[in-house]
Amino acid sequence: MRAEKQILTKEYIGRLNTSPFFIVVSYHGLKVEQMTNLRKGLIKAGAEVHVVKNSIFRIAAKEAGVADLNGALEGQVAVVTGQKDVSATAKVLKIFGKDNEKLKIKFGYLNSKRMESADIMTLAELPSIEVLRSKLLGVINAPATKLVVLLNTPGSQLARVIKAKSEQAA
């Protein structure tokens, strides 16, 4: 293998090892402006897209411990990787794909488990991690809030009875 290909392979191995997910997309027919818009949207979601040669990516994926991809990489492909929320990245791809039918999600891997296009679309439907965290905190705080109200109720009722008695006596 030529030195340039070895450098590229090492770069992709590093990306795959540091990212908890990657999504392979077909971009055949997209114009430069459209790819630039996709890149901008992915950057906001904490991800990036790179056009990659299939043979180099196959070697990098094998070195990174991903299952054999032999039949899966065909045509012009780009790989989306990221450090943050996979559902936010999937949302960007889904929205971009609605406007640009030439972008096709082929497959992906999340924590070394293969996801098909339908699985990635399901991830796109999930709320963002911030929304999920706030819902979880609400669920956790609800019993505590009810407990505080329950503990304060007898005291406030007693205060109202005493106030009513004092007003009657006056």
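Sort 37-49, 121-133 by packing, meaning the average of other beta carbons within 10 Å per residue, with the highest value first.
37-49, 121-133
Would you kindly derive the ³J(HN,Hα) couplings of the range 139-147 from the backbone phi angles with the Karplus curve 6.51 cos²θ - 1.76 cosθ + 1.60 (θ = phi - 60°), listing them in order in whole Hz, with x for Gly and Pro?
Calculated HN-Hα couplings, in order: 5, 5, 6, 4, x, 5, 4, 4, 5 Hz.
Which three extents, in whole angstrom, do the alpha-carbon atoms of the range 74-170 cover along their principal axes, largest first?
So the three principal-axis extents are 91, 30, 20 Å.
Only loop residues by DSSP count here, and only those with at most 11 other Cβ atoms within 10 Å; note down the chymotrypsin sites (Phe, Trp or Tyr not before Pro) in the range 80-170 that meet that.
Here no loop site has a sparse enough neighbourhood.
Connecting C-alpha atoms closer than 10 Å in a GNM of the chain, tell me which of GLN157, GLN76, GLN34 has the biggest fluctuation.
Result: GLN157 has the largest fluctuation of those listed.
Looking at VAL86, THR122, GLY138, which one has the Cα that reaches farthest to the positive end of the dipole of the chain (charges on Cβ: Lys, Arg +1; Asp, Glu -1)?
Projecting each Cα onto the dipole axis, the largest value belongs to GLY138.
Need the list of aspartates and glutamates near LYS135 for cross-linking: C-alpha distance under 19 angstrom, and skip anything on the same chain fewer than eight residues off.
ASP85, GLU125
With labels modelled as points extended 7 Å from the Cα through the Cβ direction, what inter-label distance (nm, one decimal) is found for ASN152 paired with VAL66?
Distance between the two pseudo-spin positions: 5.3 nm.
Rounded to whole Hz and in sequence order, give me ³J(HN,Hα) for the range 101-106 from the Karplus expression 6.51 cos²θ - 1.76 cosθ + 1.60, θ = phi - 60°, writing x for Gly and Pro.
5, 6, 7, 10, 7, 8
I need the phi-derived Karplus couplings for the range 118-124: 6.51 cos²θ - 1.76 cosθ + 1.60, θ = phi - 60°, integer Hz, Gly and Pro marked x.
My calculation for the range 118-124 gives 5, 5, 5, 5, 5, 4, 5 Hz in order.
Counting helices only, and only those DSSP H runs with n ≥ 4, report the 222 nm mean residue ellipticity of the chain as the sum of -39,500 (n - 2.57) divided by its residues, in deg cm²/dmol to the nearest 500.
Only helices count here, giving -20500 deg cm²/dmol.
Can you list residues whose amide H is under 5 Å from LEU30's amide H, if they're 5+ apart or on another chain and H is modeled 1.01 Å from N?
none
Values in this text are rule-based calculations from the coordinates and carry no lab data. This structure is a prediction, so every number in the text was calculated from the model and none was measured. With ideal geometry, Cβ positions are generated from the backbone for all residues, glycine too; neighbour counts draw on all protein chains shown.
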